[in-house]
Amino acid sequence: MTTIAHVAFSYILSQIPAAFGRPLSSAETIAVIAAGNVADIDSLLFPIIYPLKKKLPDHHAFVTHTTIGAILMWFLFIFFITPTLPNFADFMILLSLIFHLILDDSSFWFYKLGWQKASSFPQINWLYPSKKRFRVNGEKNPGDIKSILSLYSKARVNLILELLFIITAIALFLAMKQWNNGYFKYIVW
């Protein structure tokens, strides 16, 4: 899943509490969006960790893309980022971290269902630190546009899902902006 799709999904997730009468503040929304993307920090660190390698390993194989990694990042959020936020925001942050993993692994499950041809191996090692061996994509992480487009040509369900997340997030953002500006004040009783 691309970064923009993770941002879009995390934003949609951050707006769900508003439907139940508990909208998140701007700081809480930013924290939920950040949590939905923090697992990908390892891909930014690869050039530092592997400075001389031409091909880098897939970042889904690292601890940030595991259940334990998500829980550790959640504790870091609670301790350093959100100590003043209410507990509900902490729960939304945990959901955002877990959904990052679910969305990254969705391509494998779509492959298993026969809906697309990409990702014949699990993307996430859910039982880490188990010794269960798994391959991530069965190949190195694509780095150029041609490789990425080739991968998405085999993962059309993921592409459609990502586009739906992005379009929904934009529509929701615009609707919430209009709602907050008072355009819908006459609709609300």
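The values are calculated or read from the model by the stated rules, or taken from the named source; none is laboratory data. Remember, it's a predicted structure, so these values are computed and weren't measured experimentally. Positions of Cβ are generated from backbone atoms using ideal geometry, with glycine treated the same way; all protein chains shown enter the neighbour counts. Please note that ligands, DNA and RNA were not included when accessible areas were found on the heavy atoms of the full protein model with its side chains. Shrake-Rupley method; radii C 1.70, N 1.55, O 1.52, S 1.80 Å.
A few points about this structure:
- Residue check for residue 128: open to solvent by 40 Å² or more (accessible area, probe 1.4 Å), under 19 Å from residue 2 (Cβ atoms) and at pLDDT 60 or above: no
- Residue in the range 109-119 that is part of a helix (DSSP H, G or I) and either modelled with pLDDT under 75 or among the hydrophobic types (A, V, I, L, M, F, W, C) (or both) present: yes
- Pairing residues of the range 37-52 that are assigned to a helix (DSSP H, G or I) and modelled with pLDDT under 70 with residues that are among the aliphatic types (A, V, I, L, M) and surrounded by 10 or more Cβ atoms within 10 Å (Cβ to Cβ), at Cβ distances under 9 Å and at least 6 apart in sequence or on separate chains, gives 46/56; 47/56; 49/56.
- Restricting the range 77-106 to residues that are of a type in the set (Ser, Thr, Tyr) and in contact (Cβ under 8 Å) with a residue 60 or more places away in the chain leaves a set whose member that is surrounded by the fewest Cβ atoms within 10 Å (Cβ to Cβ) is 106.
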